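One structure is given below, encoded as structure tokens.
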Amino acid sequence: MSRINSIAIASSFTICSAVAFAGLPNAHTWPMEHIMVTMNGTAIEAHANTSADNPILLQRFAGESYDGNAAALDDMYYSDQYGWILDGIVDPGAGNSIWIELVSQTGGLETYEGGRRMMIADQTFDPIFGTDSSALDWQWSGMMTHNWYATADLGDYVATYSIYVGDSAGNVVDGFIAGEVTLNFRAVPAPGSLALLGLGTLSATRRKRG
Ligand SMILES: [Cu+2]
């Protein structure tokens, strides 16, 4: 095999793997931000370490397009940084599960079902929490789940959820107290423009030093 041929094969391998990954949205934003759900006696409590001043950033990755249901994220500002996670022993009772219901949110915010960040290919990307007329309540498996949040427009977004014990159909089970949590988002300009901003800061610093 000539040297040129082996180079050609090597580069087509590179192209193939790039194409395979291009079909799925990436967990572009780090670190994971976990929404901790606990049960204190019969009361569900939920907590996120974010606020209106410290929101999760939704970013747009221009030129990327995604396969199947994930195409809903094409040209959108998005993130799967938030993840629902159980903290401690949470026992909803046999046959019951934890349900999460959208109470209110800023117009234009959309949500698609995710999962574990390392297993994006297995996620459904089904619209949830009222997106595309889906149900407002969502049955949580109790496993770490990073849903995808998306919007078409820059700006600040807020979503508030009730976390409750429900039966397999989502009917509230008596004897438990529901918890509530508010999530905060900010759709910001593309990372490219942030990088340029960073370079500007860097050269300004250099200039000062010089
Ligand atoms: Cu996580």
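Anything in segment 88-125 that is among the hydrophobic types (A, V, I, L, M, F, W, C), assigned to a loop (DSSP other than H, G, I, E, B) and loosely packed, with under 13 Cβ neighbours inside 10 Å? List them, or say none. Full working, then the answer.
Start the filter on segment 88-125 by keeping residues that are among the hydrophobic types (A, V, I, L, M, F, W, C), which leaves 89-90, 94, 98-100, 102-103, 109, 118-121, 125.
Subset that is assigned to a loop (DSSP other than H, G, I, E, B): 89-90, 94, 109, 125.
Scanning segment 88-125 gives Ile89, Ala94.
Does any residue in segment 30-43 that is closer than 13 Å to Tyr82 by Cα come within less than 6 Å, Cβ to Cβ, of a residue that is within 11 Å of the ligand (Cβ to nearest atom) and not in a strand (DSSP E or B) six or more places away or on a different chain, and which pairs are these?
Pairs found: Glu33/Gln81.
For Tyr164, are the conditions met, namely being under 17 Å from Ile56 (Cβ atoms) and open to solvent by less than 30 Å² (accessible area, probe 1.4 Å)?
no
Counting just the residues of segment 142-159 that are open to solvent by 30 Å² or more (accessible area, probe 1.4 Å) and either among the basic types (Lys, Arg) or in contact (Cβ under 8 Å) with a residue 40 or more places away in the chain (or both), which one comes out farthest from Ala52 (Cα to Cα)?
Met144
On the given criteria, is Asp132 within 30 Å of Gly63 (Cβ to Cβ), open to solvent by 20 Å² or more (accessible area, probe 1.4 Å) and within 16 Å of the ligand (Cβ to nearest atom)?
no
Pick out the one residue from Val181, Val173 that is over 28 Å from Asp80 (Cβ atoms), at pLDDT 60 or above and β-branched (Val, Ile, Thr).
Values: Val181 fails: over 28 Å from Asp80 (Cβ atoms).
Of Val181, Val173, the one residue that is over 28 Å from Asp80 (Cβ atoms), at pLDDT 60 or above and β-branched (Val, Ile, Thr) is Val173.
For Met119, are the conditions met, namely being closer than 22 Å to Ile89 by Cβ, out of contact with any strand residue (DSSP E or B) (no Cβ under 6 Å at 6 or more places or on another chain) and either modelled with pLDDT under 95 or within 16 Å of the ligand (Cβ to nearest atom) (or both)?
No; evaluated as a whole, the condition is false for this residue.
Take the residues in segment 30-87 that are exposed (fewer than 13 other Cβ atoms within 10 Å of the Cβ) and within 12 Å of the ligand (Cβ to nearest atom), then tell me which one is farthest from Ile177 (Cα to Cα).
The selected residue is Trp30.
The values are calculated or read from the model by the stated rules, or taken from the named source; none is laboratory data. If you're wondering where the values come from, they're calculated on a predicted model, not measured in any experiment. Methodologically, a virtual Cβ is constructed for each residue, glycine included, from the backbone with ideal geometry; neighbour enumeration extends over all protein chains shown. With ligands, DNA and RNA removed, areas are computed over all heavy atoms of the protein, side chains included. Shrake-Rupley method; radii C 1.70, N 1.55, O 1.52, S 1.80 Å.
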